[in-house]
Amino acid sequence: MTTERTLSIIKPDAVSKNHIGDIIARFEKKGLKIVAAKMVQLKQKDAEGFYAVHKERPFYKDLVSFMISGPVLIMVLEGDDAINKNRDIMGATDPKKAAPGTIRADFAKTIDENCVHGSDGVETAKTEIAFFFKPEEITQRIR
Ligand code: ATP
Ligand code: MG
C-alpha cells in the first residue's frame, strides 16, 4: 500500500445539518489523517473552476449553485490507499445506491446534495489539492 493524499469536501448540506463531526469521525476511524483543513464560503468562480470537468453536464449549473449555497469544509486526507479508502467511506454518488454504513447512505438523501466530495484518482487528487491549498498549508503528521 502506498501513502496517498486526497481532497475531501464536506458539502453545504452536511455542514448545515451539523454532520461535520460525524463525517470526520468516520475518516479518522479508518486511519485517514487530516493534514490540511479550511472552512470556506466558496465563490461562484471557485465552484465553477473546481467542477470545470462537469461543465457540459446538465447538472453543472445546479451543482455550482449548491456548492456556494453555504460554507464547506475542505480537507486534505492522508493515509494508505487514501483515495479509494475515502471513496469507500463516502459511498456511491447516488445515496440511494450507496452501501449501508457509508456517509452518503447515512447522511444524504439525493444525488445533487450528497454530503461529500472525494478525489477519484491520483492525478485528480493532485490537481484538486493544488486548487485549494498551497504546499505550505499542508502539514506533516510526524506524531
Ligand atoms: P464528487 O466529485 O462530488 O466526489 P462523484 O465523484 O461521486 O462526486 P461525479 O460524477 O464526479 O460524482 O459528480 C460530481 C457531483 O455532481 C456529484 O457529487 C453530485 O453532487 C453531482 N452529480 C453527479 N451526477 C449527477 C446527476 N445525475 N444529477 C445531479 N447531480 C449530479
Ligand atoms: Mg467526482
Net lengthening on full extension, ASP22/ASP94 (0.36 nm per residue, minus Cα-Cα): 24.0 nm
Hey, rough spin-label estimate for LYS134 and TYR60, points 7 angstrom out along Cα→Cβ, what's it come to in nanometres? 3.1
Sorted by mean Cβ packing within 10 Å, highest first, what order do the peptides 93-100, 111-118, 21-28 take? 111-118, 21-28, 93-100
What whole-number volume per residue, in cubic angstrom, does the convex hull of the C-alpha atoms of segment 1-56 give? 123
Normalising by the residue count of the chain, find the relative contact order in percent from Cα pairs under 8 Å and 6+ residues apart. 37
Using Stokes-Einstein with the Kirkwood hydrodynamic radius over Cα pairs, what translational diffusion coefficient do you get for segment 63-109 at 4 °C and a viscosity of 1.567 mPa s, in µm²/s rounded to a whole number? 107
Cα radius of gyration and Dmax for the chain (Å): 14.2, 45
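We did not get these values from a lab; they are worked out from the coordinates using the rules stated. None of these values were measured; they are calculated from a predicted model. Glycine gets a Cβ as well: all are built from the backbone with ideal geometry, and neighbour counts include every protein chain shown.
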